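All remarks here apply to the structure that follows.
The values are calculated or read from the model by the stated rules, or taken from the named source; none is laboratory data. Bear in mind the structure is a predicted one, so any value in this text is a computation, not a measurement. We place every Cβ from the backbone using ideal geometry, glycine too, and count neighbours over all the protein chains shown.
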Amino acid sequence: MSKWLEGRVVENRHWTDALFSLKVAGPKLDFEAGQFVRIALDEQVARPFSFVNPPGDPLLEFYGIVVPQGPLSPRLAQLRAGERLLVASNPAGFLILPEVPPAQTLWLVSTGTGIAPFLSILRTETPWQRFRNVVLVHAVRHARELVYQDTIRQIAKAHALRYVTFVSREAAPGSLSGRIPAAIRDGRLEKAAGVALDAQTSHVMLCGNPDMLKDAQGALAERGLRKHRRRNPGHITVESFW
Ligand SMILES: Cc1cc2nc3c(=O)[nH]c(=O)nc-3n(C[C@H](O)[C@H](O)[C@H](O)COP(=O)(O)OP(=O)(O)OC[C@H]3O[C@@H](n4cnc5c(N)ncnc54)[C@H](O)[C@@H]3O)c2cc1C
Ligand SMILES: NC(=O)c1ccc[n+]([C@@H]2O[C@H](COP(=O)([O-])OP(=O)(O)OC[C@H]3O[C@@H](n4cnc5c(N)ncnc54)[C@H](OP(=O)(O)O)[C@@H]3O)[C@@H](O)[C@H]2O)c1
């Protein structure tokens, strides 16, 4: 049985009108990097959010987008320092490295807020101990939505992170255009990352927009990669945000 723990907002950073990051003090939770937890303002409307912070950090961090007609996200975006946020006591989820079989290259592929669990994973030691290559892929509509640049720079300073971005709705120097599945098919993703994307070497974790998850799995299937299951090991692990 889960119970509600009371947290206090320490910071609500607004990256754009729609994108925000909440830092929350109070609840002490055991979780694996990549997991999520339900958060709420009142117990009637709770939603799962992935941890951005790695386990053991004193503050919890969540990265969100305002879905204009949504019951919770517009209210979360308006929270101010000092206000209350309820956090469930039972983090969960299988988008975690202990569920990933051995591979040479770990691909962390996200759209929008789907980057959140990967920022947590990348700030643990495990990916760097277990994989020869680690690639973070982030696709957004507009360049200003390429958030957490400082965090990503810090990770890249400490480790050999390969970071590939897509901006789909405007021209953006340094980012690929279009969508992830098309770039898997035509080889642009591999080329930008500088490593092979194949069933022999790769494990791919996908997170974010469910249509991307579906389309990317289709493109990966053409390269011989299939969904990973404990009883039938494969190459793809997914988490859908809606
Ligand atoms: C396992 C899991 C982890 C999640 N982690 C996060 C997270 O770290 N950050 C986050 O912002 N959301 C995350 N979500 C989504 C989140 O739980 C809410 O759905 C979202 O905050 C919107 O809440 P809402 O009540 O305003 O609208 P809802 O009624 O929950 O959603 C309404 C609609 O908004 C769209 N939508 C929902 N979430 C998103 C999103 N993240 N990006 C773009 N469109 C969306 C979908 O079309 C959805 O049908 C996660 C969901 C799941 C299942
Ligand atoms: N982003 C904003 O400016 C903004 C502002 C206010 C509110 N919102 C709310 O947030 C929601 C959208 O969130 P988001 O901006 O994170 O959007 P998203 O629609 O998930 O788009 C994020 C990235 O995923 C790509 N994508 C979408 N479908 C895909 C597919 N089938 N295969 C591969 N890639 C795919 C998008 O490409 P395409 O561009 O080609 O679709 C984009 O590059 C909206 O419903 C809206 O309510 C967004």
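Quick check on the stretch 205-214. Is at least one of its residues of a type outside the set (Ser, Thr, Tyr) and more than 15 Å from ligand 1 (Cβ to nearest atom)?
Checking the stretch 205-214: not a single residue is of a type outside the set (Ser, Thr, Tyr) and more than 15 Å from ligand 1 (Cβ to nearest atom).
Would you confirm whether or not the stretch 43-66 contains a residue that is among the hydrophobic types (A, V, I, L, M, F, W, C) and more than 13 Å from ligand 1 (Cβ to nearest atom)?
Yes, the stretch 43-66 contains at least one residue that is among the hydrophobic types (A, V, I, L, M, F, W, C) and more than 13 Å from ligand 1 (Cβ to nearest atom).
Please enumerate the residues belonging to the stretch 198-212 that are touching a residue at least 60 places away in the same chain (Cβ under 8 Å) and closer than 16 Å to LYS227 by Cβ.
SER202, HIS203, VAL204, MET205, LEU206, CYS207, MET212
Of the residues in the stretch 1-46, how many are touching a residue at least 24 places away in the same chain (Cβ under 8 Å) and either of a type outside the set (A, V, I, L, M) or within 23 Å of VAL140 (Cα to Cα) (or both)?
30
If I ask for residues that are in contact with a strand residue (DSSP E or B) (Cβ under 6 Å, 6 or more places away or on another chain) and of a type outside the set (A, V, I, L, M), which ones from the stretch 64-83 would you list?
The answer is GLY64, SER73, GLU83.
In the list SER175, SER168, which residue meets the criterion of being under 19 Å from the mean Cα position of the chain (by Cα) and away from ligand 1 (no atom under 16 Å from the Cβ)?
Sole residue among the options that is under 19 Å from the mean Cα position of the chain (by Cα) and away from ligand 1 (no atom under 16 Å from the Cβ): SER175.
Do we have ALA116 as away from ligand 2 (no atom under 16 Å from the Cβ), closer than 17 Å to ASN53 by Cβ, touching a residue at least 40 places away in the same chain (Cβ under 8 Å) and not polar (S, T, N, Q) here?
So ALA116 does not fit the description; no.
Hey, can you tell me all the residues within the stretch 82-113 that are closer than 23 Å to GLY194 by Cβ, within 16 Å of ligand 2 (Cβ to nearest atom) and not aliphatic (A, V, I, L, M)?
TRP107, SER110, THR111
Within the stretch 52-89, work out how many residues are over 19 Å from the mean Cα position of the chain (by Cα) and in a loop (DSSP other than H, G, I, E, B).
13
Within the group ALA25, ALA77, ALA40, which residue is in contact with a His (Cβ under 9 Å, 6 or more places away or on another chain) and more than 8 Å from ligand 1 (Cβ to nearest atom)?
The unique qualifying residue is ALA77.
Against the conditions (1) away from ligand 2 (no atom under 16 Å from the Cβ); (2) out of contact with any strand residue (DSSP E or B) (no Cβ under 8 Å at 6 or more places or on another chain); (3) at pLDDT 95 or above, where does GLU61 fall short? Just the number, please.
Going through the list (1) away from ligand 2 (no atom under 16 Å from the Cβ); (2) out of contact with any strand residue (DSSP E or B) (no Cβ under 8 Å at 6 or more places or on another chain); (3) at pLDDT 95 or above, GLU61 breaks only (2).
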